[in-house]
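Single-structure report; data block below.
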Amino acid sequence: MDTPYDTAAALLPLVGGPANVTSVAHCMTRLRLGLADRSLVDEAALRALPGVLGVVDDDTYQIVLGPGVVAKVTPEFEMLVGLGGELAARGAELKAEQRARNATPGKLLLRRIANIFVPLIPALIGCGVLAGLNGLLVNLRWLPGVTGALAVIPSAFLSLIAVFVGYNTAKEFGGTPVLGGAVAAVVVYPGVAKVTAFGVALAPGQGGVLGALAAALLGTYVEKWCRTWVPATLDVLVTPTLTVLVAGLATLYGLMYAAGEISAAIGTASNWLLATTGPFAGLILGGLFLPLVMLGLHQALIPIHTTLIEQQGYTVLLPILAMAGAGQVGAAVAVYFRLRHDTSIRTTIKSALPAGLLGVGEPLIYGVSLPLGRPFLTACAGGAAGGAFVGFFAMLGDKVGATAIGPSGWALFPLLAGNRGLGMTAVIYAGGLLTGYLVGFLATYAFGLTGIAPTPSDNSGTRAPARTT
């Protein structure tokens, strides 16, 4: 496709046309559509469309377009659909009904957590890259007049991230977003150092994003409770005041202390796990991450990553989890070489592999390894091997961390940080990637394609390899 408009115009008829689209949204890689009737979707044609890296049929119908591309295609798609008020209302009703049928409480909670933290990822990435660049300049003693400013810019966002978490929490749970931000701001206000809770003086930032999330969540429930009994004439005055007062006091005299203890425990546990059981911990984390992504459970890790970044300046878990993508890439390359006569699967791999190298794994998961079955397991083996490699060095005292969440694969290199210098950190991470590639390739080449017979594709390029019994 030549332009985002061309891509949007090609997608629309394949999902049933404007009348079938009830909602449009996007995340970092996927166009997420609410559809009135999913039987109208021509999925085979969608998968064969240039630029489409895969599709996922979940609570919304998701078309994987890749980072950057999806942000440009979505507004063009919205313009073509032309969602009006009546259609949007009908779409919201259908979407709510579908979520009620399909969502379990656990999945709903994880989606809400993701909705709070995912919008923060672009800022985390940008600030993480700047922090890494500044660290490099400081180590090389270059541009000393600039490094001070470069230190301030990324630190400013991280010092106030609690406010954004509070804002998004209130928005997600049905409260007034600015009230959620106001309550969460208590966590990072320097004046809390004058407050004593449980016999200990509080510290600004104590409890971090977990404290902010809890504070805003409590504030949302207080606000909803107030609106059930406060007269309409007094609501604008009484409800915000009580919301900020009750939630603010609870934050100061309970939530900050409790969340601070939990945050400290997360950091201590992560460091202990890698320092004492490094290879084993890496093997488990790297091997299980692809199944977590497939089930959507990886979203539960976002607050943990954010907490570690707040505490230590980087998360030691993300580089290990990124090894799962390396195993996936190795497995896909093995499938490409083994199924030489299946032009459909080879075309899918060629189009999805660049995204996989940059850490966007969904196209390879849903387009290659998961449909084939066994290559998904051998990809997990590659991820486990890469994770064990990085974990081994962590046990030796060489920590590999990421200053932001979101990217992985080769895109994670600008965000790497550690306790042994950037050079050693990059070498260890690269070694983990190469280990994941190699083990994923060898395991898939030797064991991952047993019982799969190549099926020549037709001109549409939409047929997948057939399994033999």
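Heavy atoms only, 1.4 Å probe, whole protein assembly: order 26, 298, 305, 341 by accessible area, highest first. Don't skip to the end; give the middle numbers.
Values: 26 85, 298 55, 305 15, 341 140 Å².
Of 26, 298, 305, 341, the descending order of accessible area is 341, 26, 298, 305.
Mind sorting out which of (i) 23.0, 86; (ii) 21.5, 72; (iii) 24.0, 74 is the real Rg and Dmax of the Cα atoms in Å computed from the coordinates?
Comparing each candidate, only (iii) matches the computed number.
Treat the range 184-343 as a sphere of radius equal to its Kirkwood radius over Cα pairs and apply Stokes-Einstein at 10 °C in a medium of 1.306 mPa s; give the translational diffusion coefficient in µm²/s, rounded to a whole number.
Values: Rh = 18.9 Å.
Once the numbers are plugged in, D ends up at 84 µm²/s.
Residue 23's amide H: which non-local residues (gap 5+, or another chain) put their own amide H closer than 5 Å, with H modeled 1.01 Å from N in plane and none for Pro or chain starts?
For residue 23, whose amide H was placed from the backbone, the distant partners under 5 Å are 34.
Need the full-extension length gain, residue 153 to residue 424, defined as separation in residues times 0.36 nm minus the C-alpha distance. One decimal, nm. Please report the intermediate quantities before stating the final value.
On the way: separation 271, 0.36 × 271 = 97.56 nm, distance 2.60 nm.
Additional length available on full extension: 95.0 nm.
If packing is taken as the average number of other Cβ atoms within 10 Å across a peptide's residues, how do 53-59, 417-423 rank, most packed first?
Numbers: 53-59: 18.7, 417-423: 16.6.
Ranked by mean Cβ neighbours within 10 Å, highest first: 53-59, 417-423.
Could you run the Karplus curve 6.51 cos²θ - 1.76 cosθ + 1.60 with θ = phi - 60° over the range 11-21 and give me ³J(HN,Hα) per residue in whole Hz, x for Gly and Pro?
Running phi through 6.51 cos²θ - 1.76 cosθ + 1.60 with θ = phi - 60° gives 6, 4, x, 6, 9, x, x, x, 5, 8, 8 Hz.
Suppose each label sits 7 Å from its Cα in the direction of the beta carbon; what would the residue 139-residue 235 distance come out to in nanometres?
With each label placed 7 Å out from Cα toward Cβ, I get 5.6 nm.
What does the charge dipole of the chain about its Cα centre add up to, to the nearest 20 debye, if the Cβ of each Lys and Arg holds +1 and the Cβ of each Asp and Glu holds -1?
Details: 26 positive and 22 negative charges, 149 e Å.
The dipole of the chain has a size of about 720 debye.
Ranked highest first by average number of other Cβ atoms within 10 Å, how do 60-69, 396-405, 31-40, 359-368 line up?
Final packing ranking: 359-368, 396-405, 60-69, 31-40.
Suppose we look only past 17 Å in the calculated P(r) of the range 125-216. What percent of the Cα-Cα pairs does that tail hold?
Numbers: 2444 of 4186 pairs.
Considering the range 125-216, 58 percent of its Cα-Cα pairs are separated by more than 17 Å.
What is the distance, in nm, between label points placed 7 Å from the Cα along the Cα-to-Cβ direction at residue 38 and at residue 350?
3.1
Under the 0.36 nm per residue contour assumption, what length would be gained going from the current alpha-carbon distance of residue 271 and residue 178 to full extension?
Values: separation 93, 0.36 × 93 = 33.48 nm, distance 3.54 nm.
Length difference between fully extended and current span is 29.9 nm.
Looking at the range 165-244, which chymotrypsin sites (Phe, Trp or Tyr not before Pro) are in a loop (DSSP not H, G, I, E or B) and have at most 11 other Cβ atoms within 10 Å? Intermediate results must be reported in sequence, preceding the final value.
Values: sites: 167, 173, 198, 221, 225, 229; in loops: 173, 198, 229.
Loop-located and lightly packed - 198, 229.
Measure off, as a whole percent, the carbon and sulfur share of the 1.4 Å-probe accessible area of the chain, all protein chains present.
On the way: 14230 of 20950 Å².
Whole-percent figure for carbon plus sulfur exposure: 68.
Could you work out, for the range 288-359, what percent of all Cα-Cα pairs fall into each 5 Å distance bin, beginning at 0 Å and stopping at the bin that holds the largest distance?
For the range 288-359, the binned pair fractions read 3, 15, 19, 19, 16, 12, 7, 5, 3, 1, 0 percent.
Can you give me the accessible area per residue for the chain, using a 1.4 Å probe, in Å²?
On the way: 20950 Å² over 469 residues.
It amounts to 45 Å² per residue over the chain.
The values are calculated or read from the model by the stated rules, or taken from the named source; none is laboratory data. What you see is a predicted model; the values in this text were computed from it and never measured. When we count neighbours, we look across all protein chains shown, and the Cβ atoms used for this are built from the backbone with ideal geometry, even at glycine. SASA here: full protein model, heavy atoms, side chains in, ligands and nucleic acids out. Shrake-Rupley method; radii C 1.70, N 1.55, O 1.52, S 1.80 Å.
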